[in-house]
Amino acid sequence: MVKLRDLEYLTAIDQHKHFGKAAQACFVSQPTLSGQLMKLEEQLGLQLVERHRRNVMLTPAGEQLVQEARKVLQAAGEFESRAKALLDPFAGDLHLGLIPTLAPYLLPHIMSELNTTLPNINFFLHENQTQVLLQQLDEGKLDVLILPYLNEMEKFESYQLFDEPLMLATPKDHRLAFKKKLTLADLQGEKILTLADGHCLKDQAMGYCFAAGAKEDNSFQATSLETLRHMVASGMGITLLPALAAQGNLASDTIHYGHFQAPVPVRGISLVIRPNYSRMECVRAIVASVRKSIGQLK
């Protein structure tokens, strides 16, 4: 009978493409991992791994079976989580994923209340781009995501947490910094500094900007909101920033943050889980806690 541990070794090889790194990730010695994979190959009568001097890769058969291995491991993880939830749905480890344009600005506002509400939950926080987080959620590596909702998340279950307004960040001497009633139409003809491709905020922000007749400034693309902020402060252009990212910086001597009148551009922040996730009592408590924390900011 195939053991779960052997499937973990196989998926580790697929991920790391290296025996040493895969063994380290599985907390075993390299000879142990290599030997168990050879036994698995003998048991199945199939070669799963191509062994080379410097690296390792899966055979076509291995490529197919590693997908099944992930499904089995995810099911086993769900089984264990469901059993633990029956004992105490408000205890144990919980892996929470957030995107870089949200995590550093949201977490300081919600973690204290979450830890108070769920004192027996050990929160493990993971920061990555949207596509990586969704894949890890689908594979069972993460339990819950908090991120802007996108149409591609339809196969998951989601709970809206709050709408975060987008603000216009400009240099203090920019013409729009002196406009008291700011609307999206004021962006017509402007060039907007953006994040690099892969950040969902870029697509959301530029969707509003394109509709208003603005253009993307292609001279530079930032890798973080802080880089965008410094570019604006140095007079290199203007950009849209989420309201949470602007908090604490409203008194800046070099940046003006403008509020839009209706219709206000927003990004909807949601909690996302896999369908049929076993710890729904805990999910509902997290949703209520985050909504409470954000409500106190208004």
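Where in region 183-268 are the helices (runs of 4 or more DSSP H), entirely inside, with at least 1 residues that are free of Cβ contacts under 8 Å to residues at least 12 places away in the same chain and out of contact with any Phe, Trp or Tyr (no Cβ under 9 Å at 6 or more places or on another chain)? It comes to 200-211, 225-233.
Of all residues in region 12-25, those that are more than 24 Å from the chain's Cα centre (by Cα) and farther than 12 Å from Asn55 by Cα total 2. State yes or no: is Thr101 in the same structural domain as Ser278 (by TED's automatic domain parsing), hydroxyl-bearing (Ser, Thr, Tyr) and not in a helix (DSSP H, G or I)? Against the criterion (in the same structural domain as Ser278 (by TED's automatic domain parsing), hydroxyl-bearing (Ser, Thr, Tyr) and not in a helix (DSSP H, G or I)), Thr101 qualifies.
Among residues of region 100-120 that are among the aliphatic types (A, V, I, L, M), those with a Cβ under 8 angstrom from a residue that is surrounded by fewer than 18 Cβ atoms within 10 Å (Cβ to Cβ), sequence gap 6+ or separate chain, pair up as Ala103/Leu125; Ala103/Glu127; Leu107/Leu125; Met111/Phe123; Leu114/Phe123; Leu118/Phe90; Leu118/Ala285. Filtering Thr170, Thr223, Thr183, Thr239 for residues that are at pLDDT below 90 and polar (S, T, N, Q) leaves a single hit, Thr223.
Which residues, taken from region 18-45, are surrounded by 15 or more Cβ atoms within 10 Å (Cβ to Cβ) and among the charged types (D, E, K, R)? Across region 18-45, the qualifying residues are Lys21, Glu41. Of Asp163, Asp197, all but one fail to be charged (D, E, K, R), surrounded by fewer than 19 Cβ atoms within 10 Å (Cβ to Cβ) and either more than 30 Å from Cys282 (Cα to Cα) or modelled with pLDDT under 90 (or both); the exception is Asp197. For region 220-257, filtered to residues that are more than 27 Å from the chain's Cα centre (by Cα) and surrounded by fewer than 19 Cβ atoms within 10 Å (Cβ to Cβ), the residue that is farthest from His174 (Cα to Cα) is Ala251. Total residues in region 43-87 satisfying the condition of being in a helix (DSSP H, G or I), farther than 30 Å from Glu281 by Cβ and among the basic types (Lys, Arg): the figure is 0.
Considering the conditions (1) more than 16 Å from Ser278 (Cβ to Cβ); (2) surrounded by fewer than 19 Cβ atoms within 10 Å (Cβ to Cβ); (3) not hydrophobic (A, V, I, L, M, F, W, C), Tyr149 is excluded by exactly one of them, (2). Filtering region 105-143 to residues that are crowded, with 19+ Cβ neighbours inside 10 Å and among the aromatic types (Phe, Trp, Tyr) leaves only Tyr105.
Among the residues of region 73-84, those that are in contact (Cβ under 8 Å) with a residue 40 or more places away in the chain and either out of contact with any helix residue (DSSP H, G or I) (no Cβ under 8 Å at 6 or more places or on another chain) or under 21 Å from Ile146 (Cα atoms) (or both) comprise Gln74, Gly77, Glu78, Ser81, Arg82.
Can you tell me which residue among Leu133, Leu176, Leu125, Leu137 is touching a residue at least 40 places away in the same chain (Cβ under 8 Å) and either outside the structural domain of Ala245 (by TED's automatic domain parsing) or not in a helix (DSSP H, G or I) (or both)?
On the way: Leu133 fails: touching a residue at least 40 places away in the same chain (Cβ under 8 Å); Leu176 fails: either outside the structural domain of Ala245 (by TED's automatic domain parsing) or not in a helix (DSSP H, G or I) (or both); Leu125 fails: touching a residue at least 40 places away in the same chain (Cβ under 8 Å).
After applying the criteria, what remains is Leu137.
Suppose the filter is over 19 Å from Leu142 (Cα atoms), surrounded by 18 or more Cβ atoms within 10 Å (Cβ to Cβ) and in contact with an Asp or Glu (Cβ under 7 Å, 6 or more places away or on another chain); does Leu48 pass it? Yes: the conditions hold for Leu48.
Let's see how each residue does on (1) of a type outside the set (Lys, Arg); (2) more than 28 Å from His256 (Cα to Cα); (3) surrounded by fewer than 20 Cβ atoms within 10 Å (Cβ to Cβ); (4) in contact with a strand residue (DSSP E or B) (Cβ under 9 Å, 6 or more places away or on another chain):
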| residue | (1), (2), (3), (4) |
| --- | --- |
| Leu145 | yes, yes, no, yes |
| Glu157 | yes, yes, yes, yes |
| Lys191 | no, no, yes, yes |
| Met206 | yes, no, yes, yes |
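Evaluated against (1) modelled with pLDDT under 90; (2) over 30 Å from Asn122 (Cβ atoms); (3) not aromatic (Phe, Trp, Tyr), Glu139 falls short on exactly one condition, (2).
The values are calculated or read from the model by the stated rules, or taken from the named source; none is laboratory data. Predicted, not measured: the structure shown is a model, and the values here were computed from it. Neighbour counts are summed over all protein chains in view; Cβ atoms, including those assigned to glycine, are modelled from backbone coordinates with ideal geometry.
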